[in-house]
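Chemist: What follows is a structure written as structure tokens; I'll ask about it next.
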Amino acid sequence: MSESKTNTLWGGRFAAGPDALMAAINASIGFDRRLYACDIAGSRAHAAMLADCGIISEEDAAAIGQGLDTILQEIESGDFEFSAALEDIHMNIEARLADLIGPAAGRLHTARSRNDQVATDLRLWVRDAIDGLDADLKDLQSALLDKAEAHADTLMPGFTHLQSAQPVTYGHHMLAYVAMVGRDRARLSDARTRVNESPLGAAALAGTSFPVDRAQTAAALGFDRPMANSLDAVSARDFALEFLAACAICATHLSRLAEEIVVWSSAQFGFVGLSDSFSTGSSIMPQKRNPDAAELVRAKAGRIVGALTGLAVVMKGLPLAYSKDMQEDKEPVFDAADNLAVCIRAMTGMIGEMTVNEDRLLAAASAGFATATDLADWLVRELGLPFRDAHRATGALVRLAEERGVELAGLTLEQMQTVEPRVTGAVFDVLSVQYSVASRTSFGGTAPDNVRAAAVAARAALAARSGR
Ligand code: ARG
């Protein structure tokens, strides 16, 4: 048994202090200190409400408010001494408040528990994180849109199975990510509506006998409403899971773009060039320019999905209401939020500074029989062939071209007619990649005019959906 003193905040019924290992496993101050500003905001709102409801005196509430201001300054200037013996941010702040203002500090915890306090703090923190990520994602959309507008006419191969499929435009490809990121923002914003409810005043689990005004503290903290059930208020962590799920999906989106950057920037593809600021050299191979930032964005999706999985497993099977297991909610939330923010910003930087090699893209777009579908469509449209027959005939023409070592447009009309005698010279019009792309005018298609219109619409939507 350790010789240390019992905890001054809850040690009333304890004769001895915790074992050193108990302190090591129990203390969360090493990571939950990041909640300090949220904790102080929650305590200020709570103290003001207690005074307004006649539960504590105005003088005590004023002393508490001033003490909390001092503590905020101390923490922000690095002068605050955090103590592991005081377990967590809540007790560190409350103990310091007692040093500063004496017995009035002991009244702050009236009609409150650390259970509703920590749930409140984490909701405030996640709400801020969502707003920060939303702003970062908006910047990424804007960088992608810049490229989409600049490259509405730039041809590139579109892939399926990473095999040349049909030509598309680079701008169209960028707009696909604008749409994906738009859904990521919508998911975060939707999660925010459920994050933004106040657990404060639920107390330990059952509510309180004091005449508190939960609507007042909810409003003071910018929450939409107090949570309706005290047990739920202290037990719920689905807000954190939902946040992590939205982060995980966003991270998988970023990892796909990252993977494309890795592939595209390789010497073999040569589609894009990475800037010095977002690539690294090799210590042994002088020719190298490695896409480390993209690789790390690709990798961090694993870590962020891990945060979601980790917290989901922590929460699984937990009985209501609070259990100390739930202290394990914070690190995955912080880690995912931090890493996602870095990934988004790095991606914005990479996209903005990346050069696009239009010649290489055009050459690649023109190779690999990329207009075979256009040829099949022509056989359907001009000769009235059923699509399946047109597909078969085109397949035979591709084989012929392959045997001759030419692209489809390199076949002569006579050669084509050996496969389908009714083919005319007009077919050559549809075999160019420029024609192929320009003809894809269906809604959502890759034609440059579509891309330009879609970029205008996306730009307008971006401006309309300004941050909170
Ligand atoms: N540090 C704790 C946490 O993060 C605060 C809540 C403690 N509540 C309790 N009943 N022990 O969850």
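Throughout, read-outs are computed from the coordinates displayed, never taken from laboratory work. Predicted model, so just to flag it, every value in this text is computed and none were measured. A quick note on method: Cβ atoms are made from the backbone with ideal geometry, for glycine too, and the neighbour counts reach across all protein chains shown.
Chemist: Using only the alpha carbons, work out the radius of gyration and Dmax of the chain in angstrom.
Modeler: Cα radius of gyration and Dmax of the chain are 30.6, 101 Å respectively.
Chemist: Moving on to the next point. Residue-wise, which Karplus ³J(HN,Hα) couplings in Hz belong to the stretch 130-144, taking 6.51 cos²θ - 1.76 cosθ + 1.60, θ = phi - 60°, and x for glycine or proline?
Modeler: 4, 5, x, 5, 4, 5, 5, 5, 5, 4, 5, 4, 5, 5, 5
Chemist: Which of the peptides 221-233, 332-344 is most tightly packed, and how do the rest follow, judged by the mean count of other Cβ atoms within 10 Å per residue?
Modeler: 332-344, 221-233
Chemist: Students often forget the sequence filter, so: which lysines lie under 23 Å Cα-Cα from Lys316 once same-chain residues fewer than 8 apart are removed?
Modeler: Answer for Lys316, where 23 Å is the Cα cut-off: Lys324, Lys330, listed by chain and number.
Chemist: Suppose we keep just the DSSP beta bridges with both residues in the chain; what percent of those would be antiparallel, to 5?
Modeler: Bridges in the chain that DSSP calls antiparallel: roughly 80 percent.
Chemist: Any chance you could tell me what percent of the C-alpha pair distances in the stretch 154-235 go past 19 Å?
Modeler: The share of Cα pairs beyond 19 Å in the stretch 154-235 comes to 60 percent.
Chemist: Right, here's the next one. Amide H neighbours of Val272 under 5 Å, counting only residues 5+ apart in sequence or on other chains, H built in-plane at 1.01 Å?
Modeler: Answer set, sorted by chain and number: Ser265, Asn357.
Chemist: Right, another one. Could you list the square roots of 5 times each eigenvalue of the Cα gyration tensor of the stretch 246-358, that is, the equivalent ellipsoid semi-axes, sorted largest first and rounded to whole Å?
Modeler: On the way: eigenvalues 268, 32, 24 Å².
Calculated on Cα positions only, the semi-axes equal 37, 13, 11 Å.
Chemist: Under a crude label model (7 Å from the Cα following the beta-carbon direction), how far is Asp389 from Leu462 in nanometres?
Modeler: 4.9 nm
Chemist: Which number comes out as Rg/Rh for the stretch 52-200 once both Rg and the Kirkwood Rh are worked out on C-alpha atoms? All intermediate terms of the calculation are to be shown ahead of the outcome.
Modeler: Numbers: Rg = 25.2 Å, Rh = 19.9 Å.
So for the stretch 52-200, dividing Rg by the Kirkwood Rh gives 1.27.
Chemist: Counting Lys and Arg as +1 and Asp and Glu as -1, each charge on the Cβ, what is the dipole of the chain about the Cα centre in debye, to the nearest 20?
Modeler: 960 debye
Chemist: Right, next: Could you run the Karplus curve 6.51 cos²θ - 1.76 cosθ + 1.60 with θ = phi - 60° over the stretch 407-422 and give me ³J(HN,Hα) per residue in whole Hz, x for Gly and Pro?
Modeler: Computed from phi, the couplings for the stretch 407-422 are 7, 4, 5, x, 6, 7, 4, 4, 4, 5, 5, 5, 8, 9, x, 7 Hz.
Chemist: P(r) tail for the stretch 24-121, what percent of Cα pairs lie past 16 Å? Intermediate values should be presented prior to the final figure.
Modeler: On the way: 2465 of 4753 pairs.
More than 16 Å apart: 52 percent of the Cα pairs in the stretch 24-121.
Chemist: Once both labels are modelled 7 Å past Cα along the beta-carbon direction, what's the Glu59-Asp153 spacing in nm?
Modeler: 8.0 nm
Chemist: Just to check I understand the Karplus step: with θ = phi - 60° and J = 6.51 cos²θ - 1.76 cosθ + 1.60, what whole-Hz values come out for the stretch 248-257, glycine and proline as x?
Modeler: Once rounded to whole Hz, the list reads 5, 5, 4, 5, 5, 4, 4, 5, 6, 5.
Chemist: Can I get the semi-axes of the stretch 336-468's equivalent ellipsoid? Compute them from the C-alpha gyration tensor as square roots of 5 times the eigenvalues, in angstrom, largest first. Please list the in-between numbers first.
Modeler: Numbers: eigenvalues 332, 69, 33 Å².
So the three semi-axes of the stretch 336-468 are 41, 19, 13 Å.
Chemist: Can you give the helix-only mean residue ellipticity at 222 nm for the chain, where every DSSP H stretch with n ≥ 4 adds -39500 (n - 2.57) and the sum goes over all residues, rounded to the nearest 500 deg cm²/dmol? Let's see the in-between values first.
Modeler: Values: 18 runs with 281 residues, N = 468.
Calculated at 222 nm, the ellipticity per residue is -20000 deg cm²/dmol.
Chemist: Below 29 Å, Cα to Cα, which lysines can Lys147 reach? Residues fewer than 8 away in the same chain don't count.
Modeler: Lys138, Lys288, Lys300
Chemist: Beyond 17 Å, how much of the Cα-Cα pair distribution for the stretch 256-308 remains, as a whole percent?
Modeler: I get 40 percent for the Cα pairs in the stretch 256-308 exceeding 17 Å.
Chemist: Could you work out how far apart the two model spin labels at Leu296 and Gln73 are, taking each label as a point 7 Å from the Cα in the direction of the beta carbon, and quote it in nm?
Modeler: 3.7 nm
Chemist: Along the charge dipole of the chain, Cβ charges K/R +1 and D/E -1, which of Thr412, His173, Thr309 sits furthest on the positive end?
Modeler: It is Thr412, whose Cα lies furthest towards the positive end.
Chemist: Moving on to the next point. What angle, in degrees between 0 and 90 and rounded to the nearest 10, separates the Cα long axis of helix 58-76 from the longest principal axis of the Cα atoms of the chain?
Modeler: Tilt of helix 58-76: around 50 degrees.
Chemist: What's the center-to-center distance, using Cα atoms, between the stretch 340-391 and the stretch 100-143 in Å?
Modeler: 46 Å
Chemist: Could you give the C-alpha radius of gyration of the stretch 344-400 expressed as a fraction of 2.2 N^0.38 Å, taking N as the number of residues it contains?
Modeler: After normalising by residue count via 2.2 N^0.38 Å, the value is 1.80.
Chemist: Let me know the Kirkwood hydrodynamic radius for the stretch 151-309, please, with Cα pairs as the basis and the value in Å to one decimal. Before the final figure, lay out the partial values.
Modeler: Details: mean 1/r = 0.0514 Å⁻¹.
It works out to 19.5 Å.
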